[in-house]
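Asker: One structure coming up, written as structure tokens, with questions to follow.
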Amino acid sequence: MSRYDLLFEPVKIGPVTAPNRFYAVPHATGHGWSQPNGAIALRATKAQGGWGVVAAQMQEISADSDLASHPMDRIWDDTDTAAHVAQVQAIKSHGALAAIELAHGGMRSRNLTTGLPVRGPSHLPILRPELPIQARAMNKDDIKNFRQSHLAAAGRAIAAGYDILYVYAAHDLSLLSHFLSRRTNHRTDQYGGSLGNRLRLLREVLEDTLELANKNNRAVALRFSVAEPDSAIGLRQDGEGREVVEALAELPDLWDVNISGWPQDSATSRFTEEGYQLSFTDFVKSVTTKPVVGVGRFTSPDLMVSMVKNGQLDLIGAARPSIADPFLPEKIKQDRLEDIRECIGCNICVSMDGYGVPLRCTQNPTIAEEWRRNWHPEHIPPSSNKQSHLIIGAGPAGLECAWTLLRAGHKVTIADAADFAGGRVTREAALPGLNTWTRVRDYRVAQIQKSNLAELYLSSEMTVDNLCEFDADHIVIATGSHWRGDGIGSCSMQKIDFNTDTVLSPDDIMNGHIFDQQNTDIVVYDDDHFYMASVIAEKLAGLGHNITYVTPASTVASWTDYTLEQSRIIQRMNELAINIKVNTALEVSGEFKSTLTGQPITIDHTALIMVGAKSPDDTLFLAASADPRLKNVHIAGDCQSPGIIQAAVLSGHTCARQILSGSSAPLPFKRESSIVIRQDQRP
Ligand code: ADP
Ligand code: SF4
């Protein structure tokens, strides 16, 4: 008996049974309908890793729910069926149930490809991303057509073999949530006004889908956001959100519950703890006897057990934890808890969705590479030709490179000048809100330390002569980078002639620079636009200094819009009384100017933290590559090109795969192809 056996009990979901309580909920993978092989392989890998249910992402049910250019999945008509059949087979071949999230984007649709009118409950502008387009209020015929198209899509999903069909009313991303919400439903007929009227369409679609699905021995899940904390007049878990659950309590075979909008649902670890959604969602179990699945960045098996025992959830839902570790259930089953690669809650995966490309993950460099590079998250093909490698730098790149080579059975020595492992991760994780990021280091160091083929030396600064003394087959230089602090950043390609006495970089702050004066007036200048400037500002404000955050961009930490953190960052700055000045650039002369008017701006300060670009620490690499005594010198991570931690991990992993390939030829990279119809064969 293991204390986690409870997690491996089967759960009946209407007419089907999930083999365990691990439920990989729908999430975008960025492949969309045009790259099905990548999406199928990603989901099949989760099924192989032990997730009892694996769900496909939001599916456009019809051509008038066209979300392009966003790469959504489609189940418009029979043309899409072959990909769905292949997906179901791949998921089910590992014993998991396959689920599909049928959806109409309503006022989120753009119909840019199809040119059809966007439909919604009312004549209103379409929802973000903003386009100068309005949705047309649906009349009775439109509603009838929508119900028919949802039913037709359900029929196709059943024919493809899906076990669980979703009705989607969540995240403000679905026509059904737009009808439900007072914000977007301004109707005065029987589909508007009272809550009973606003949820009429959801009830009808649920009943339509249930009738067809249950007749065919398939289950129906209702994905519903019980609260919309972002919205002043949104649903509340103790208000209309609860009333919806009460009204439909026993209808769906499964409740899949969360909070909306997406920044709430996919909150980062900087602002929320594991299980952050429970206080919103855990009432649902008390209202229905049907099984309930919920999410909240769950990676701790003990929390999972307690949630089931406490009657908060029946199934452990996960999007990000299943991306960071597709084998999380299997590792719990085998009592290999120390092998779990826990999600760090950084939302780099989410950011890729903003670009419409297959996702990336800081913890799991193999995600979305299952098909195109044939990479597996757990298995590195063993090498017959066992070699020994020397890796300089125990940051995320060096550690990932080492761990990948070790898994292939190679001998690895890692040396780092610092007296700690983890490089930038260790240093940055000490800043406010970033502590969870230590998981990038901890997972890899724990794995490396278990291997008898590995040696890790700290406080060991290496020179080219040291490298020569080692008779390594390959040398990987992963020596990282440092913040320049000279004024060069995203918006300024020239150094700045600062006219402030004290100019520091984020490295100085991380190295523990102390300001002599209490209440020092400090400008944190953000020409990086991700998290660092806001975190430094937060740290210094926490120490009691007067902080002015200045950026040439038109918003605070503009790139954090991609990680869904921006509004929380602004809120935190306001709580800490940090002065915010946007559209304010540092000129080469060291003066501040408005980017809008060109007028000089005066900001009183005695110190300035320059958060701009970084310089690679590649001196050792350049010297080693030029030294005739050394062969097979490789470069990885920030030392190659400074970037985000995810890029360093991927770089370290790729470097190891390149070494393991035994060749300098580019690693295979398959591309999905469209079928081209020759001129003479066109209809
Ligand atoms: P990355 O993100 O690419 O992994 P990091 O900056 O996190 O880069 O890590 C680089 C590591 O390399 C740091 O821990 C640093 O101490 C180490 N390092 C840099 N130069 C040397 C050197 N000459 N010898 C040994 N370690 C070094
Ligand atoms: Fe978690 Fe970050 Fe990976 Fe997303 S990218 S799954 S948040 S570790």
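The values are calculated or read from the model by the stated rules, or taken from the named source; none is laboratory data. Keep in mind that what you see is a predicted model, and the values were worked out from it rather than measured. We place every Cβ from the backbone using ideal geometry, glycine too, and count neighbours over all the protein chains shown. Heavy atoms of the whole protein, side chains included, go into the accessibility calculation; ligands, DNA and RNA do not. Shrake-Rupley method; radii C 1.70, N 1.55, O 1.52, S 1.80 Å.
Asker: Given (1) without any contact (Cβ under 8 Å) to a residue 40 or more places away in the chain; (2) crowded, with 22+ Cβ neighbours inside 10 Å; (3) under 30 Å from Asp465 (Cα atoms); (4) away from ligand 1 (no atom under 14 Å from the Cβ), where does Val412 come up short, assuming only one miss?
Answerer: For Val412, the failing item is (1).
Asker: Hey, another quick one. Condition (residue is within 16 Å of ligand 2 (Cβ to nearest atom) and closer than 30 Å to Asp5 by Cβ) applied to segment 408-422: is it met by at least one residue?
Answerer: no
Rundown of residues vs (1) open to solvent by less than 10 Å² (accessible area, probe 1.4 Å); (2) under 27 Å from Leu431 (Cα atoms); (3) within 16 Å of ligand 1 (Cβ to nearest atom); (4) without any contact (Cβ under 8 Å) to a residue 40 or more places away in the chain, yes/no style:
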{"site": "Trp262", "(1), (2), (3), (4)": "no, yes, no, no"}
{"site": "Asn310", "(1), (2), (3), (4)": "no, no, no, yes"}
{"site": "Ile332", "(1), (2), (3), (4)": "yes, no, no, no"}
{"site": "Asn347", "(1), (2), (3), (4)": "yes, yes, no, no"}
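Asker: Identify all residues within segment 598-609 that are loosely packed, with under 11 Cβ neighbours inside 10 Å and in contact (Cβ under 8 Å) with a residue 60 or more places away in the chain; write none if there are none.
Answerer: Asp604
Asker: OK, next. Need a quick list: strands (runs of 3 or more DSSP E) entirely within segment 496-570 having at least 2 residues that are modelled with pLDDT of 95 or more and open to solvent by 20 Å² or more (accessible area, probe 1.4 Å).
Answerer: Here the list reads 502-504.
Asker: Where the second residue is of a type in the set (Ser, Thr, Tyr) and the first is within 11 Å of ligand 1 (Cβ to nearest atom) and lies in segment 646-675, which pairs have Cβ atoms under 7 Å and are six or more apart or on separate chains?
Answerer: Once the first residue is within 11 Å of ligand 1 (Cβ to nearest atom) and sits in segment 646-675, its partners that are of a type in the set (Ser, Thr, Tyr) give Gln646/Thr362; Val649/Thr362.
Asker: Which members of segment 16-50 meet the condition of being closer than 25 Å to Ala169 by Cβ, touching a helix residue (DSSP H, G or I) at 6+ places or on another chain (Cβ under 6 Å) and not hydroxyl-bearing (Ser, Thr, Tyr)?
Answerer: Those that are closer than 25 Å to Ala169 by Cβ, touching a helix residue (DSSP H, G or I) at 6+ places or on another chain (Cβ under 6 Å) and not hydroxyl-bearing (Ser, Thr, Tyr): Arg21, Phe22, Ala24, Ala28, Gly30, His31, Arg43, Lys46.
Asker: Give me the residue from segment 442-465 that is more than 9 Å from ligand 1 (Cβ to nearest atom) and of a type in the set (D, E, K, R) and, out of that set, least open to solvent (accessible area, probe 1.4 Å).
Answerer: In this case the residue turns out to be Arg444.
Asker: Considering only segment 467-481, state which residues are more than 8 Å from ligand 1 (Cβ to nearest atom) and either open to solvent by 30 Å² or more (accessible area, probe 1.4 Å) or not hydrophobic (A, V, I, L, M, F, W, C) (or both).
Answerer: Listed by number, the residues that qualify are Cys468, Glu469, Phe470, Asp471, Asp473, His474.
Asker: From (1) open to solvent by 30 Å² or more (accessible area, probe 1.4 Å); (2) within 20 Å of Val205 (Cα to Cα); (3) among the charged types (D, E, K, R), pick out the condition that doesn't hold for Asp256.
Answerer: (1) is the only condition that Asp256 fails.
Asker: Report the residue count in segment 610-662 for those that are among the β-branched types (Val, Ile, Thr), more than 16 Å from ligand 2 (Cβ to nearest atom) and either open to solvent by 30 Å² or more (accessible area, probe 1.4 Å) or farther than 20 Å from Asn385 by Cβ (or both).
Answerer: Going through segment 610-662 one residue at a time, the tally reaches 5.
Asker: Let me ask you something else. Looking at Glu211, Glu273, can you tell me which residue is without any contact (Cβ under 8 Å) to a residue 60 or more places away in the chain, within 16 Å of ligand 2 (Cβ to nearest atom) and of a type in the set (Asp, Glu)?
Answerer: Just a single option satisfies the conditions, and that option is Glu273.
Asker: What number of residues within segment 349-362 satisfy the criterion of being polar (S, T, N, Q) and more than 16 Å from ligand 1 (Cβ to nearest atom)? Talk me through it step by step, then tell me what you get.
Answerer: Here is the first cut: in segment 349-362, the ones polar (S, T, N, Q) are 351, 362.
Narrowing further to those that are more than 16 Å from ligand 1 (Cβ to nearest atom): 351.
Number of matching residues: 1.
Asker: Does Arg427 count as outside the structural domain of Ile645 (by TED's automatic domain parsing), closer than 30 Å to Gly296 by Cα and either away from ligand 2 (no atom under 15 Å from the Cβ) or crowded, with 22+ Cβ neighbours inside 10 Å (or both)? Spell out the reasoning first.
Answerer: On the way: outside the structural domain of Ile645 (by TED's automatic domain parsing): no; closer than 30 Å to Gly296 by Cα: yes; either away from ligand 2 (no atom under 15 Å from the Cβ) or crowded, with 22+ Cβ neighbours inside 10 Å (or both): yes.
Answer is no for this residue.
Asker: Here is a list of conditions, (1) closer than 23 Å to Leu6 by Cα; (2) in contact (Cβ under 8 Å) with a residue 60 or more places away in the chain; (3) polar (S, T, N, Q), and Thr362 meets all of them except one; can you say which number that is?
Answerer: Thr362 satisfies all of (1) closer than 23 Å to Leu6 by Cα; (2) in contact (Cβ under 8 Å) with a residue 60 or more places away in the chain; (3) polar (S, T, N, Q) except (1).
Asker: Look at Ser490 and say whether it is of a type in the set (Ser, Thr, Tyr), in contact with a His (Cβ under 9 Å, 6 or more places away or on another chain) and modelled with pLDDT of 95 or more.
Answerer: Criteria met by Ser490.
Asker: Considering only residues that are open to solvent by 50 Å² or more (accessible area, probe 1.4 Å) and within 19 Å of Pro291 (Cβ to Cβ), which ones fall in segment 238-250? Write out each step before concluding.
Answerer: Within segment 238-250, the first condition is being open to solvent by 50 Å² or more (accessible area, probe 1.4 Å), and the residues that meet it are 238, 242-243, 246, 250.
Across segment 238-250, the qualifying residues are Arg242, Glu246, Glu250.
Asker: While we're looking at this one, here's another question. Can you say whether Glu370 is of a type in the set (D, E, K, R) and either assigned by TED's automatic domain parsing to the domain that holds Thr17 or open to solvent by 30 Å² or more (accessible area, probe 1.4 Å) (or both), as far as the supplied structure shows?
Answerer: Working: of a type in the set (D, E, K, R): yes; either assigned by TED's automatic domain parsing to the domain that holds Thr17 or open to solvent by 30 Å² or more (accessible area, probe 1.4 Å) (or both): no.
Judged against the criteria, Glu370 is not a match.
Asker: So how many residues does segment 117-169 have that are outside any loop (DSSP other than H, G, I, E, B) and of a type in the set (Asp, Glu)?
Answerer: Selection size over segment 117-169: 2.
Asker: Only residues that are open to solvent by 50 Å² or more (accessible area, probe 1.4 Å) and assigned to a loop (DSSP other than H, G, I, E, B): list them for segment 182-217, please.
Answerer: Let us first name the residues in segment 182-217 that are open to solvent by 50 Å² or more (accessible area, probe 1.4 Å), namely 182-183, 186, 188, 190, 194, 200, 203, 207, 211, 214-217.
Of everything in segment 182-217, those that are open to solvent by 50 Å² or more (accessible area, probe 1.4 Å) and assigned to a loop (DSSP other than H, G, I, E, B) turn out to be Arg182, Arg183, His186, Thr188, Gln190, Ser194, Asn216, Asn217.
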